[in-house]
Amino acid sequence: MQSYMAPQWFYGYDVGFELLFAVITIIVAIFAYRIYKATNQNYAKYLSIAFFLIGLSNIFQSIINFLILTKLNENICGFVKIQSVAYFNTIGAYIHMILFLIGLVYLVFMTFKSENKTILTLLVLVSLLSMFLSSNILYTFYLLSSIYLIIISLYFIRNYLKNKKTQTLLIAVAFLFLLFGSIHFLFSVNHQLFYAIGHLLEFIAYVLIFTNLIMVRKK
Amino acid sequence: MSRKRNHLEIIRDVLLAIQIKGNQARPTHILYKSNISSDMLKQYLEDLMEKGFIVEEKDKKENKLFSLTTKGFNYIKDFETIKGFMESYGLE
């Protein structure tokens, strides 16, 4: 697996972007958890778990990219007696992908408005197995993410059409940007520029999500 | 014509009906103020008790009374924020 996909001019910026994404998603996760505690609504709990996992995955990605960038991982590998730096990078990338994918699965499960946990377990297992049994894990990860983001985006678009407000529009557009970002990442496996464009699209998405939170809190 | 209330708004109306009666309301008063059917009210009261928003008490004549818990008061206070967030993500 390719360990660092960013173009040279984007080195370091991606680490900053990922940290920002992590901060925003964890703030949303905390807020959703508070809503869950106030309402006892399980869907708010699923949303909180989803954003928390996505936040963790972004923290992980940011740390791994930072270590690769600063060559610190070579020292860590020496310290923990891991022979190959590439092996360490791959483990980090896998953890990021697992957390992100399970986060998206929770969002998909939330859109089903179901309380059947078997569906959730099945979705998690099928997603992880299909990713790790595939010949190109990275490509399958972005493919699965894109499919899940299509389902989630359609749900938020329908939510906007049912309830035409600025807040519902912000979330629908934010997830469309995340979807475009994920589709861009599909190409970034071979094209470094798409990696940077994907980050910029994600940046717009997370800013919209954060704007929504500010608007809701001002009520 | 006013639009149909959603689940979150009905909960708020039931809790408000209890609050405006000095936090001790009988089912008949809640029924009248919250403007829902008696079957629905029964379901909502059971649900709200189970979730810890209200508690059931008895007066001297052994009539049922309902009171808000801290969680119930907080729901009324934060209702607009809760509603805004839940609507944004289609959770209501």
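Rule-based calculations on the coordinates, nothing more; no lab input. Not measured: the values here are computed from a predicted model. Because the Cβ atoms are built from the backbone with ideal geometry, glycine has one as well, and the counts that use them run over all protein chains shown.
Please give the FRET efficiency for A:ILE27 paired with A:ASN136, using the beta carbon to beta carbon distance and R0 = 35 Å, rounded to the nearest 0.05.
The pair A:ILE27/A:ASN136 has a calculated efficiency of 0.55.
Would you mind working out the magnitude of the charge dipole of region B:7-86 relative to its Cα centre, with +1 at each Lys and Arg C-beta and -1 at each Asp and Glu C-beta, to the nearest 20 Debye?
So the dipole magnitude of region B:7-86 works out to roughly 280 debye.
Output wanted: per-residue J couplings in Hz (rounded whole) for region A:200-206, from phi through Karplus 6.51 cos²θ - 1.76 cosθ + 1.60, θ = phi - 60°, x for Gly and Pro.
5, 5, 4, 4, 4, 4, 6
Provide Rg and Dmax in Å for region A:174-215, with only Cα atoms included in the calculation.
11.2, 39
Shielding by partners for A:31-43, please: the mean number of other protein chain Cβ atoms within 10 Å of each residue's Cβ.
5
Please go through region A:144-189 and write out the trypsin sites (Lys or Arg not before Pro) that DSSP classes as loop and that have at most 10 other C-beta atoms within 10 Å.
Here the sparse-neighbourhood loop sites are A:LYS164.
Among the aspartates and glutamates, select those whose C-alpha is under 12 Å from the C-alpha of A:LYS165, and discard any that sit fewer than 8 residues away in the same chain.
Partners within reach: B:GLU87.
Would you mind checking B:LYS4/B:LYS83; A:LYS164/A:LYS218; A:LYS162/B:LYS33 for any pair whose Cα atoms are more than 22 angstrom apart?
A:LYS162/B:LYS33
For region B:7-86, take N as its residue count and report Rg(C-alpha) divided by 2.2 N^0.38 Å.
With N residues counted in region B:7-86, Rg over 2.2 N^0.38 Å equals 1.03.
With axes computed from alpha carbons, what is the tilt in degrees of helix A:117-132 against the longest principal axis of chain A, rounded to the nearest 10 within 0 to 90?
30
When the convex hull of the Cα atoms of the protein assembly as shown is projected onto a plane and the area is averaged over all directions, what value comes out in nm²?
The directionally averaged projection comes out at 19.6 nm².
Can you list residues from other chains, or at least 5 along the same chain, whose modelled amide H is less than 5 Å from the amide H of B:LYS51?
When sequence neighbours closer than 5 places are left aside, there are no close amide H contacts.
I'd like the Karplus ³J(HN,Hα) series for region B:43-49: coefficients 6.51, -1.76, 1.60, θ = phi - 60°, whole numbers in Hz, and an x wherever there's a Gly or Pro.
5, 5, 5, 4, 5, 5, 5
Which of the aspartates and glutamates could be linked to A:LYS45 by a straight reach, that is with a Cα gap under 12 Å, when you skip same-chain ones fewer than 8 residues away?
Within reach: A:GLU115.
Return the aspartates and glutamates within reach of B:LYS21: Cα separation strictly under 15 angstrom, same-chain partners fewer than 8 residues apart disregarded; answer none if there are no such residues.
Qualifying aspartates and glutamates at Cα under 15 Å: B:ASP13, B:GLU56, B:GLU57, B:ASP59.
Just need the relative contact order of chain A here, percent rounded to a whole number, with Cα pairs under 8 Å and 6+ apart.
Once divided by the residue count of chain A, the mean separation gives 21 percent.
Mind checking which of A:ILE27, A:ILE119, A:ILE150 has the largest fluctuation in a GNM of chain A, springs on alpha carbons under 10 Å?
Result: A:ILE119 has the largest fluctuation of those listed.
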